[in-house]
Amino acid sequence: MSFIVVQAITGLASAASLFLIAVGLSIVFGVTRVVNFAHGSLYMLGAYLAFSFTAAIGDTFVGYLAAILLAALVVGGLGAVMETSLLRRIYRAPELFQLLATFGVVLVVQDVTRLIWGADDRFAPRMPGLDGAVDILGHAVPEYDLFLIAVAFAVLGGLWLLFRRTRFGVLVRAATEDREMVAALGIDQRWLFTAAFVLGAALAGLGGALQIPRQAASLSMDLNIIVDAFVVVVVGGMGSIMGAFVAAVLISELLAFGVVIFPEITLVLIFAVMAVTLVLKPSGLFGRPEFATEEDRRNPDPLLRAGGMLNRVFWWGLLAVGLAAPLFVGDFAVVVLTEIAILALFAASLHFLLWGGGLITFGHAAYFGLGAYGSGLAVFHLSLGMAPALLLAPLAGAAGALLFGWFCVRLSGIYMAMLTLAFAQIAWSAAFQWVGFTGGDNGILGVWPSAWASDPFVFYYLAFAVCAAVIWGLRHAVFSPFGYTLRATRDSAMRAAAIGVDVTRHRWLAFILAGAAAGVAGGFFAFAKGSVFPEVLFVSTSVDGLVMVLLGGLQSLAGPILGAVVFTEIETELTRLTELWQLFLGLLIIALVVVLPHGLVGLSSLLKRGRP
């Protein structure tokens, strides 16, 4: 019994930290509808700033506390700069572009933080006056854990008073329910959005600052926390403060006891809770359904036609360049070209879902990774050769899409995106923790091409031929009767259903088709790298795919191909030229989002408009 009580207290302490960052994310999303991927970066900055401030003034309890609060205030100020200089320009842009912009901020903050504090972890001293432990039922419980729990309840109470007893709180709650109505009443939304973002950023900074006595400030804090924060926000309900608190406690207690009872599936349990919540109650435990959905508004995308001389010249020219390029470059460039061909297929499969079906997904890495693991496991456990192992890759990707897609297509918008993320994280968790079958974080090694394809040139032409053929197949599907019907469900699901189209079945088939194509790319990726690690299933791989699609241009079939080429080349060259490649890549992404909202393929239209 005493063990259960102490374990519950440990879970509550973790819940306190998770609540502080998740509630900030929930407030920002509730008001601005921005999926702020950089919220984890603000959390990380809070930790690093608190490390520096405590070194200067943290010799006493009061000084340490002042350092933590000062860090939160500085992060809130940085949030104001970010909102007014970047997000305010793209509030009317599609939510995927907002995600891309905040991902650019993540890259910039990563390298700026490394530049200021270095790459090594930073350890802060324990908080004076709270560096001991108290005895509870015979177990020692850190005093700081109890302090964290008290802080979380204080913040919860303060937020409740703010949102229930002040005009600002009333406006924020009203904007969470219906932004258009708030605007119609003459409320200055710019001021409201900035204030909400500053509050959310300060809470993220406070959460990070409060962590430094418990863990070192490190450059991995941002991505490690952001996924858990998304889980809490989704389970609790987007925009709900009480929901964030209850979900943080639920997830943290599940982790605290899961480590003891189900040590091998703890991570799977968390994302399974998120998936079940989204399936049964998409708006979360305490959230309310959206006032209006985006899917039944007329889609502004221009009509694409299959023909056109310029279109054919582009595709045949691209094919010719792909065939001729290896003849003029060295071995390293051939390896890069191989990766470009594979990632182009991955991006094209994602584009098929995003543009063709209007199906927003944050978890496309699941099918890419399942394809990679399908091939890798076939080589490792079944001793199959490259050819039969590659045949299993699309089957693995399609099987995953068949299962995950059945649930996902019943949702729409941000809820669908979050459910795809949950399933991808479940797949990643299984690969990470199922050490006996997948190798865990040690991965699967020795996944090399067969002898006849071991030459980099031969493997490139094999990968290029297969990937090009699958991309051509996806393009053909877009202009087939199935593709036209799928686009009709994208433009207006209600109208499509009214004329007898089975919307759910078409979307499900699109998921399976895109999953199989991503699986092909994953299979070749495994043989190109000679290994498979859980990272191929992680959210960062999904974000890379989104960056490629949006960088090239969402409203063009050539967009994902161009995006994969540019993204891979820039990443490769910047990595070779400077250690601060993430900084430059992030700035480039931000600039492209602001200047070229239609991606690189929209550059020609911009130049035409600029002509005298």
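Between residue 154 and residue 403, the contour length at 0.36 nm per residue exceeds the alpha carbon distance by 85.4 nm.
Counted residue by residue at 0.36 nm each, then reduced by the alpha carbon distance between them, the extension gain from residue 281 to residue 120 reaches 53.7 nm. If a/c stays under 1.5 just call it rounded; otherwise compare a/b with b/c (prolate if a/b is bigger, oblate if not). Do that for the chain, with a ≥ b ≥ c from the square roots of the Cα gyration tensor eigenvalues. Here the chain falls in the prolate category. Overall, the chain carries a charge dipole of about 2000 debye about its Cα centre when +1 sits on the Cβ of Lys and Arg and -1 on the Cβ of Asp and Glu, all other atoms neutral. Across segment 314-319, computed HN-Hα scalar couplings (Karplus, 6.51 cos²θ - 1.76 cosθ + 1.60, θ = phi - 60°) run 4, 5, 5, x, 4, 5 Hz from first to last residue, x flagging Gly and Pro. For the peptides 78-86, 134-142, residues were scored by their other Cβ atoms within 10 Å and the scores averaged per peptide; the highest-first order is 78-86, 134-142. Stokes-Einstein diffusion for segment 441-484, with the hydrodynamic radius set to the Kirkwood value over Cα pairs and evaluated at 25 °C in a medium of 0.890 mPa s, equals 190 µm²/s. 3J(HN,Hα) couplings calculated from phi for segment 140-157 with the Karplus curve 6.51 cos²θ - 1.76 cosθ + 1.60 (θ = phi - 60°) are, in sequence order, 7, 10, x, 4, 5, 5, 5, 4, 4, 4, 5, 4, 4, 5, 5, 5, 4, x Hz; Gly and Pro show x.
Taking the convex hull of the alpha carbon positions in segment 363-430 and averaging its projected area over all directions gives 4.3 nm². Relative to the dominant Cα principal axis of the chain, helix 189-209 is inclined by about 70°. If you take the charge dipole of the chain about its Cα centre, with +1 on Lys and Arg Cβ and -1 on Asp and Glu Cβ, which of 315, 379, 206 is farthest toward its positive end? Working it through, the farthest residue towards the positive pole turns out to be 315.
A straight chain from residue 381 to residue 591 at 0.36 nm per residue would run longer than the Cα-Cα distance by 71.0 nm. Working note: Cα atoms of segment 1-152, range along each principal axis, descending, whole Å: 56, 37, 25.
Can you classify segment 297-421 as rounded, prolate or oblate using the Cα gyration tensor, where a ≥ b ≥ c are the square roots of its eigenvalues, rounded means a/c under 1.5, and otherwise it's prolate if a/b beats b/c and oblate if not? Since a/c reaches 1.5 but b/c is at least a/b, the shape of segment 297-421 is classed as oblate.
What's the center-to-center distance, using Cα atoms, between segment 312-385 and segment 85-146 in Å? Value for the Cα centre distance between the two parts: 34 Å. Please give the helix 386-408 orientation as an angle from the longest Cα principal axis of the chain, in degrees from 0 to 90, rounded to the nearest 10. Helix 386-408 sits at roughly 50 degrees to that axis. Based on alpha-carbon atoms, the Kirkwood radius and the radius of gyration of segment 459-504 give Rg/Rh equal to 1.26. Helix 413-433 versus the longest principal axis of the chain: what is the Cα-based angle in degrees, 0 to 90, to the nearest 10? Tilt relative to the chain: about 90 degrees. Less than 5 angstrom separates the built amide H of residue 531 from those of 447, all sequence-distant by 5 or more or on a different chain.
A short reminder: the numbers here are calculations on the coordinates, not readings from a lab. Remember, it's a predicted structure, so these values are computed and weren't measured experimentally. Every residue, glycine as well, gets a Cβ built from its backbone with ideal geometry; the counts of neighbours run over all protein chains shown.
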